[in-house]
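Notes for the one structure printed next.
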Amino acid sequence: MLETVYVLLDIVHADASAAARRIREIPGVTAADVLEGPPDIHIIIQAADRKEAAGCLMRLLDLVDGITEDIKVLPVRSAAPAGIERQPAGITN
């Protein structure tokens, strides 16, 4: 199962669209969307394990250092209760 981390960024003194384009180039980033802010950018990181996800997050933080006002990191719990499969929002059986 992939590890998923959501990241919310508030960008200051920079173009959020340009920042999102650069962020999308980071291996492990599956989405970087510009919002009507704040937050300005919503990022999804997916990796094989938490160590790989952390490495991707560190590359992301290095890239945006100095242009962010606020960063929220929201890791997804990888363990669902027994007998329950995780499904994307809005999908029902």
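The values are calculated or read from the model by the stated rules, or taken from the named source; none is laboratory data. Computed from a prediction, not measured in an experiment: that's the story for all the values here. Positions of Cβ are backbone-derived with ideal geometry, glycine not excepted, and every protein chain shown enters the neighbour counts.
Take the residues of the range 1-16 that are over 10 Å from the mean Cα position of the chain (by Cα) and modelled with pLDDT of 90 or more: which is nearest to Val64 (Cα to Cα)?
Across the range 1-16, the extreme among qualifying residues is Asp10.
Kindly list the number of the only condition in (1) farther than 18 Å from Pro75 by Cα; (2) in contact with a helix residue (DSSP H, G or I) (Cβ under 9 Å, 6 or more places away or on another chain) that fails for Ala32.
The single condition Ala32 does not satisfy is (1).
Scan the strands (runs of 3 or more DSSP E) fully inside the range 1-69 and keep the ones with 1 or more residues being loosely packed, with under 14 Cβ neighbours inside 10 Å and free of Cβ contacts under 8 Å to residues at least 40 places away in the same chain.
29-34
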